[in-house]
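Structure first, then comments.
The values are calculated or read from the model by the stated rules, or taken from the named source; none is laboratory data. Just so it is clear, the model here is predicted, and its values are computed rather than measured. Please note: Cβ atoms are built from the backbone with ideal geometry, for glycine as well, and neighbour counts cover all protein chains shown.
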Amino acid sequence: MQRIHTEIVKIDPVHPEITKIEHAAALIRAGELVVFPTETVYGLGANALQTQAVERIFVAKGRPLSDPLIVHIADEDALADVTTALPAVVRQLTRTFWPGPLTLILPRSPRVPPIISAGLETVAVRMPRHPVALALIRAADTPIAAPSANRFMHVSPTTAQHALADLDGRVPLILDGGPCSVGVESTVLDLCAATPTILRPGGVSLEALRSVLPHVQLANRQNISTYDDSKRIEAQKSPGQMLTHYAPAVPLLLFDGTVGEMRSAMLAEAKWRREHDERVGVLVAAEDIATFEESGVLVYSLGDAAKPEQVAAALFAGLRTLEEAGVQVILCRSFAEHGLGLAIRDRLLRAASGKIFKAESGKET
Ligand code: TXA
Ligand code: MG
């Protein structure tokens, strides 16, 4: 595609300046792309009701048309414009979790162009809670389609700099509202399935969803095969589920086991690779840092292992930082699965292409 100039505009994340929002909204109304912050990750937005504008998203990202997009709205009334029927539980869910990191799969209104949903009869809708995202949608006066603002198959961006690294020359404007607070993408909940099903764990936890939907189930994402080019033309049933979806540019080895087992197995692997002159990066929790002090590896801490919100907020920046530092391999520990931990494990499994190194049991440090 032809290179264009990418403007970066710093914007107040709490009280966004009206002139800056107006500038971005004018681009959206004109069918152009705008990168903007949400509470989860940065989005690559276009007018959701204009097919040609939406096409630009796929071109800029290098994303296959078989992978559908989320439509972002700023108030609940807009639901009526993008869907046909609303299951009774929708109001309860939106009252509890909107605005916020929950995406609902609902029947698609004919007003929403088929390209948004890769031809599926459903549409993904979410109301973000970031003031910049909400102000932009309102000022543009249209729902905004937005995938994560990364190149296809790369790690989602949690800062404007991440988005710039992937999309420089491909979008006219990036609104820089600082780092995203949640750090993993929204939870995708399918309300068109016979039983409500989580297609992608994310910023709203399984435990929280169960308080409204006691029978909600988790789609089995582990059996999903890696990306298959032959599926390009046909919408996949649960499209975001390609196992390598979140792949960083360098291989990631994910370690499992007790904290002691993980530390000693990662240290042994790191030492062996250092002896073979490999540049090694490790993704750990703050309490693991001391283990790697003299090992000659690059250490990135994701924060307190007992606080999944901290780990989630740091995760994608950690992957990108190690990648940009030029390491040849990333060794990463696992985290508990409660709360945001489920989404963290999902993204790490994807980055590791589904392979986990189970530390030998009985081996203690
Ligand atoms: O947090 C987020 O959701 C971010 C911010 C920007 O809002 N957006 C995001 O979009 O992560 P994207 O395109 O990277 O991921 C959208 C996910 C994909 O897994 C896609 O397959 C799924 O939602 N999806 C979209 N429409 C769908 C549909 N009709 N049926 C099933 N899955 C759908
Ligand atoms: Mg994405």
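Meeting the requirement of 2 or more residues that are buried (at least 21 other Cβ atoms within 10 Å of the Cβ), the strands (runs of 3 or more DSSP E) wholly within the stretch 1-84 are 34-36, 43-47, 70-72.
Would it be correct to say that Arg63 is modelled with pLDDT under 95 and over 19 Å from Pro107 (Cα atoms)? Spelling it out, Arg63 is indeed modelled with pLDDT under 95 and over 19 Å from Pro107 (Cα atoms).
Residues that are surrounded by fewer than 20 Cβ atoms within 10 Å (Cβ to Cβ) and part of a loop (DSSP other than H, G, I, E, B): does the stretch 308-324 have at least one? Among the residues of the stretch 308-324, not one is surrounded by fewer than 20 Cβ atoms within 10 Å (Cβ to Cβ) and part of a loop (DSSP other than H, G, I, E, B), which makes the answer no.
Residue by residue, here is whether (1) away from ligand 1 (no atom under 12 Å from the Cβ); (2) out of contact with any Ser or Thr (no Cβ under 8 Å at 6 or more places or on another chain) holds:
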| site | (1), (2) |
| --- | --- |
| Arg29 | yes, no |
| Val35 | no, yes |
| Ile57 | no, yes |
| Arg63 | no, yes |
| Ile70 | no, no |
| Pro87 | yes, yes |
| Arg95 | yes, yes |
| Trp98 | yes, yes |
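What are the pairs with Cβ atoms under 9 angstrom where one residue, in the stretch 57-74, is touching a residue at least 40 places away in the same chain (Cβ under 8 Å) and hydroxyl-bearing (Ser, Thr, Tyr) and the other, located anywhere, is surrounded by fewer than 21 Cβ atoms within 10 Å (Cβ to Cβ) and part of a loop (DSSP other than H, G, I, E, B)? Sequence gap at least six, or different chains. Final answer for the pair search is Ser66/Ala118; Ser66/Gly119; Ser66/Arg232; Ser66/Ile233; Ser66/Glu234; Ser66/Ala235; Ser66/Gln236.
Filtering the stretch 135-163 to residues that are small (Gly, Ala, Ser), away from ligand 2 (no atom under 15 Å from the Cβ) and touching a Leu at 6+ places or on another chain (Cβ under 8 Å) leaves only Ala160. Among the residues of the stretch 284-332, those that are touching a Ser or Thr at 6+ places or on another chain (Cβ under 9 Å) and among the aromatic types (Phe, Trp, Tyr) comprise Tyr300, Phe316.
Those residues that are part of a helix (DSSP H, G or I) and surrounded by 24 or more Cβ atoms within 10 Å (Cβ to Cβ), I need them from the stretch 161-175; list them, please. Those that are part of a helix (DSSP H, G or I) and surrounded by 24 or more Cβ atoms within 10 Å (Cβ to Cβ): His162, Ala163, Asp166.
Residues in the stretch 115-124 that are within 16 Å of ligand 2 (Cβ to nearest atom) and part of a strand (DSSP E or B): Ala124 only.
Checking each residue in the stretch 8-46 for being acidic (Asp, Glu) and touching a residue at least 24 places away in the same chain (Cβ under 8 Å) picks out Asp12, Glu22, Glu32, Glu39. Residue-level check: of (1) buried (at least 18 other Cβ atoms within 10 Å of the Cβ); (2) in a helix (DSSP H, G or I); (3) in contact (Cβ under 8 Å) with a residue 40 or more places away in the chain, Thr94 misses just (3).
Determine whether the stretch 259-277 contains at least one residue that is closer than 25 Å to Arg151 by Cβ, surrounded by 18 or more Cβ atoms within 10 Å (Cβ to Cβ), modelled with pLDDT of 95 or more and hydrophobic (A, V, I, L, M, F, W, C). No: the stretch 259-277 contains no residue that is closer than 25 Å to Arg151 by Cβ, surrounded by 18 or more Cβ atoms within 10 Å (Cβ to Cβ), modelled with pLDDT of 95 or more and hydrophobic (A, V, I, L, M, F, W, C). Looking at Val112, Val212, Val132, just one residue is away from ligand 2 (no atom under 16 Å from the Cβ), assigned to a helix (DSSP H, G or I), of a type outside the set (Asp, Glu) and modelled with pLDDT of 95 or more, and that residue is Val132. A single member of Asp75, Asp67 is more than 18 Å from His130 (Cα to Cα) and not aliphatic (A, V, I, L, M), and it is Asp67. On inspection, Ala124 passes the criterion of being within 11 Å of ligand 1 (Cβ to nearest atom) and either within 18 Å of the chain's Cα centre (by Cα) or farther than 26 Å from Leu340 by Cα (or both). If you filter the stretch 100-120 down to residues that are of a type outside the set (A, V, I, L, M) and touching a helix residue (DSSP H, G or I) at 6+ places or on another chain (Cβ under 9 Å), you find that the one that is nearest to ligand 1 (Cβ to nearest atom) is Arg108.
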